[in-house]
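These notes are about the structure you will find just below.
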Amino acid sequence: MKKVYRIGVYPNTFGSAWHGGQIYFDNLIALLNDASDAPVELVVIAKERTPAQPQEERLGGGMAFLSDYLKEEKERIRREKEHARKLRKQKKRKRDQGGWWRGFLRTGPLDEAEEETSPPSPQEAEVAAFKAVVRDHQLDFVFPLPKTVSRAGIRGAAWIPDLQHCFLPELFTQADMNSRNEMFEAFAGAETVVFSSEASRRDFQKCYPEAPAKLEVWSFCSNPSKELFLTNPKGVVESYRLPERFFLVANQFWKHKDHAVVVDALVRLQKQGISVPVVFTGALRDYRGTGHVDELLQSIQRGGVHGSVHLLGFLDREEQLHLMRSALAVIQPSRFEGWSTVVEDCKALGQRLILSDLEVHREQDPPESVFFPVADSVVLAEKIRGLLAEGPAEWLASRESRESQAMARLLRTRAEARRRFLEIVERSQGAW
């Protein structure tokens, strides 16, 4: 394997609304910056400069800003087109010198040489800017390649988090479907596409059976700091005035995350005389529309469980991790995942999970976790009730033991994840 790779990471591929994606790239950057084994010089590629670039001080290779290149590349392309236009015009003049009458023998309204020079398209300029970044920073690999440059001959890989729209199309508008299909069709023709799970790779092969791209799987892991484990999470729990014993749902309020099945389970338990405190974190919105969020809030009121539901909104990352540590268990009820960040967080923290029985959740294989059928509130209620039987002292001793084991396991997991990512980089070099 090459001693040092210069790798460009482009976190803007899927926009900023997806917080799980931001965590993915934060973890990837931290992982690649770990110089404990094969060193990597990392360059983060950003669209433009902003007042705060928190990653910059942590990077060995620094940052590259596409905005610094776009204006220059647009002008370069314009000059090249203008030069080509002048050459065509000169060629036409030489051709016409054989007789004045030749100028009238045109097959169309305008001669090719007389056409106005068109400005470069946004895609044309972005491809040129990316290529200039790769050249100037001497990058060996770019990840992930955005749609516009996925077939531009840049050494790197595209990334497909999941293919949810193929299996739950009812959750998407036609415009969303068209946009995703266009993007993934472009990726299907890339040199390499990376998936976070074998389940997602199989989904892709079902949807794009003839795709020529080389398919790789790289499963990311979470990266909590060592200091996190040394801090008592009780202060965070008290700051939000939460009960000592609670369950946690730490997902964005997107419809496929299925918060509704948790509320239904709480209503069932309430009817049995069992009040279960559940903390929900995440912004109360969905980019696909907020109708289901309003319906969820109404169901909490109708079911009479508003007294045991705690809606905290979007939290600081470390606060959320401390709440994960403090919970009796984390509930992950999602109907679809590519590779769940929540599950990886809990694995890193040694926390137990109550999981919807998805193929990818089984693949992630979190220890000491229990599963319930997707969207089945009856079984979910039973699983919650079972964990409530554990006493506070027993739970605390269990948490401390699980965290200790998780800390030791995390070092091995990170080293393995880093090694696997660099193997993909190495294989991409051989392909060229």
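Look at segment 97-130 and say how many of its residues are in a helix (DSSP H, G or I), loosely packed, with under 15 Cβ neighbours inside 10 Å, at pLDDT below 70 and touching a helix residue (DSSP H, G or I) at 6+ places or on another chain (Cβ under 9 Å).
The total comes to 4.
Which one is least open to solvent (accessible area, probe 1.4 Å) among residues in segment 388-432 that are farther than 30 Å from Gln272 by Cβ and hydroxyl-bearing (Ser, Thr, Tyr)?
Ser428
What number goes with the only condition from (1) more than 17 Å from Leu358 (Cα to Cα); (2) at pLDDT 95 or above; (3) open to solvent by less than 10 Å² (accessible area, probe 1.4 Å) that Leu215 does not pass?
Status for Leu215: all satisfied but (3).
Could you list, in sequence order, the residues of segment 187-207 that are aromatic (Phe, Trp, Tyr) and part of a helix (DSSP H, G or I)?
Phe187, Phe204, listed by residue number.
Which pairs have Cβ atoms under 6 Å, sit 6 or more apart or on different chains, and link a residue in segment 314-330 that is farther than 15 Å from Glu344 by Cα to one that is in a loop (DSSP other than H, G, I, E, B) and open to solvent by 10 Å² or more (accessible area, probe 1.4 Å)?
Phe314/Ala283; Leu328/Arg245
Restrict the check to segment 62-84 and report whether at least one residue is at pLDDT 85 or above and over 25 Å from Gln138 (Cα atoms).
No; the residues of segment 62-84 include none that is at pLDDT 85 or above and over 25 Å from Gln138 (Cα atoms).
Of (1) touching a Lys or Arg at 6+ places or on another chain (Cβ under 7 Å); (2) under 22 Å from Asn232 (Cα atoms); (3) open to solvent by 10 Å² or more (accessible area, probe 1.4 Å), Ser369 satisfies all except one. Which?
Checking Ser369 against (1) touching a Lys or Arg at 6+ places or on another chain (Cβ under 7 Å); (2) under 22 Å from Asn232 (Cα atoms); (3) open to solvent by 10 Å² or more (accessible area, probe 1.4 Å), the one that fails is (2).
Answer yes or no: is there a residue in segment 337-347 that is open to solvent by 20 Å² or more (accessible area, probe 1.4 Å) and without any contact (Cβ under 8 Å) to a residue 12 or more places away in the chain.
No, the conditions are met nowhere in segment 337-347.
The values are calculated or read from the model by the stated rules, or taken from the named source; none is laboratory data. Quantities reported herein were computed from a predicted structural model and do not represent experimental measurements. All Cβ positions, even for glycine, are placed from backbone atoms using ideal geometry, and neighbour counts span all protein chains on display. Surface accessibility is based on the protein's heavy atoms, side chains included, excluding ligands, DNA and RNA. Shrake-Rupley method; radii C 1.70, N 1.55, O 1.52, S 1.80 Å.
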